[in-house]
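Participant: Before we start, here is the structure in question, set down as structure tokens.
The values are calculated or read from the model by the stated rules, or taken from the named source; none is laboratory data. No experiment lies behind these values; they were computed from the predicted model shown. Every residue, glycine as well, gets a Cβ built from its backbone with ideal geometry; the counts of neighbours run over all protein chains shown. Just the protein is used for accessible areas: all its heavy atoms, side chains included, with ligands, DNA and RNA removed. Shrake-Rupley method; radii C 1.70, N 1.55, O 1.52, S 1.80 Å.
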Amino acid sequence: MDHLRNGRTSLSRRSLLRATTGGALTLGGAAALSACGIPAAKNTAGVDSDDHSAKEKRISFSNWTEYMDVDDSEKRHPTLDAFTQRTGIKVKYTQDINDNVEFFGKIKPQLAAGQDTGRDLICVTDWLAARLIRFGWVQKLDPSNLPHAYANLSQQFRNPDWDPGRAYSYPWTGISTVIAFNKKALDGEEVKSVSDLLDNPKLKGRVGFLSEMRDSVGMTLLDMGKAPGKFTDDDFDAAIDRLQKAVDKGQIRRFTGNDYTADLSKGDFAACLAWAGDVVQLKADSPDVDFVIPDSGYLTSTDNLLVPNKARHKTNAERLIDYYYEPGPAAQLAAYINFVCPVDGVKAELAKFDEEAANNPLIIPDAAMAAKSRSFRSLSSKEETAYEEKFAKLTGA
């Protein structure tokens, strides 16, 4: 089953510059929404709609590119085909999410007007999922249709502060932020922490941080002994100050989106913050690339499945969510996309056809690694605006 990983046309769907997804929406805050004619939603329970699932055996599923298993022809999705064969439910699978902000722009007019978006299932990053839930623009899920999801969801993903108990969402994947390095470029230096990135003069000008605020600030907060899930304004400012000092002295070469992969492979970066899904692919392609999990911990975010308001096929969508929480389909998906699998019980299933992936802690975290995972807390609109502005000033964005 190695062809699943090696046949990919790009490193990961994060090559679409995840870094663009945070600031563009948040800098305008509530004012930007108001300017678009979108009222601040007061209802947070979601809006029920007529469910046509029983009579209409279909689903419309919007997802990111490179985020689903494919066959050797790159034309079929084996797990989706198996779902249709089992249930009779046809899936209109569309890879029309290139960026959270851009996708939000596509669906917000209909959601704000209480209309059907034409989609039964969407996949968005946690900060946008939180916003959609807060606005009351997604439907509460029916636990009776999600027995596998409820039973098999990994503990570390069960209670995000923006959706406690996963009433409205289930994670498609986890996205871990780690430290990656090029052994040849390090030339004998050790990198074990964010402090090493920021303070080792021998790495000056050869360090990369991410242009995604939550990742760079969150990893810095952890290194400072602060919890990304509970930090204060003063903590945030202290992290920004620490990063600013590294910028001023030329320690940090630049802040990047996914394009750090080229710098790391070539050795222009000796070490950098990196997304684990990319590291899996980079390690496969280059013996010089490796990673480390700092003792202080690491950040994990999620991309999440939600059912928009007025979706016509909610029950069918819930059945598809539940299907991907069965170990078999979950293992097939994990083997292809290489991000953190949020489904317990997948390792043994994955080992049947891809032992390397099953034993990779970046795909199936062991207990010790999972225990070091931390999440960046939800932000108010006011905090989002202030924090993104400070980070944009730091990075020169």
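Participant: What are the pairs, 6+ residues apart or on separate chains, where a residue within segment 152-169 that is touching a residue at least 60 places away in the same chain (Cβ under 8 Å) and more than 14 Å from residue 136 (Cβ to Cβ) has its Cβ under 7 Å from a residue that is open to solvent by 50 Å² or more (accessible area, probe 1.4 Å) and not in a helix (DSSP H, G or I)?
Facilitator: 152/344; 152/345; 154/344; 160/375
Participant: Six or more apart or on different chains, Cβ under 9 Å: which pairs go from a residue in segment 75-91 that's in contact (Cβ under 8 Å) with a residue 60 or more places away in the chain and under 19 Å from residue 145 (Cβ atoms) to one that's among the basic types (Lys, Arg) and part of a loop (DSSP other than H, G, I, E, B)? Could you list them?
Facilitator: The qualifying pairs are 87/57; 89/57.
Participant: Pick out the one residue from 65, 94 that is modelled with pLDDT of 90 or more and either open to solvent by less than 60 Å² (accessible area, probe 1.4 Å) or within 22 Å of residue 339 (Cβ to Cβ) (or both).
Facilitator: Residue meeting the stated conditions: 94.
Yes or no, residue by residue, for (1) over 30 Å from residue 172 (Cα atoms); (2) open to solvent by 10 Å² or more (accessible area, probe 1.4 Å); (3) modelled with pLDDT of 95 or more:
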position: 219; (1), (2), (3): no, no, yes
position: 237; (1), (2), (3): yes, yes, yes
position: 248; (1), (2), (3): yes, yes, yes
position: 251; (1), (2), (3): yes, no, yes
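Participant: I've got another one for you. Give me the residue from segment 99-108 that is over 12 Å from residue 132 (Cβ atoms) and in contact (Cβ under 8 Å) with a residue 60 or more places away in the chain and, out of that set, nearest to the chain's Cα centre (by Cα).
Facilitator: Filtering segment 99-108 for residues that are over 12 Å from residue 132 (Cβ atoms) and in contact (Cβ under 8 Å) with a residue 60 or more places away in the chain, the one nearest to the chain's Cα centre (by Cα) comes out as 99.
Participant: A follow-up question, please. Select from segment 262-298 the residues that are touching a Leu at 6+ places or on another chain (Cβ under 8 Å) and over 21 Å from residue 336 (Cβ atoms) and list them in ascending order.
Facilitator: Within segment 262-298, 264, 265, 270, 271, 272, 273, 294, 296, 297, 298 meet the criteria.
Participant: Here's a follow-up. Restricting attention to segment 371-395, report how many residues are open to solvent by 30 Å² or more (accessible area, probe 1.4 Å), out of contact with any Asp or Glu (no Cβ under 9 Å at 6 or more places or on another chain) and in contact (Cβ under 8 Å) with a residue 60 or more places away in the chain.
Facilitator: 6
Participant: Still on this structure, I have one more. Is there any pair linking a residue in segment 276-303 that is hydroxyl-bearing (Ser, Thr, Tyr) to one that is part of a helix (DSSP H, G or I), with Cβ under 6 Å and at least six apart or on different chains, and which?
Facilitator: 286/265; 296/222; 296/223; 301/126; 302/126
Participant: Inspect all residues belonging to segment 338-345 and state whether any of them is polar (S, T, N, Q), buried (at least 22 other Cβ atoms within 10 Å of the Cβ) and under 22 Å from residue 283 (Cβ atoms).
Facilitator: yes
Participant: For segment 188-248, give me every one of the helices (runs of 4 or more DSSP H) that falls completely inside it and has 1 or more residues that are over 20 Å from the mean Cα position of the chain (by Cα) and polar (S, T, N, Q).
Facilitator: So the answer is 194-199, 233-248.
Participant: OK, next. Exactly one of these conditions fails for residue 11: (1) surrounded by 17 or more Cβ atoms within 10 Å (Cβ to Cβ); (2) out of contact with any His (no Cβ under 9 Å at 6 or more places or on another chain); (3) in a loop (DSSP other than H, G, I, E, B); (4) modelled with pLDDT of 50 or more. Give me its number.
Facilitator: All conditions are met except number (4).
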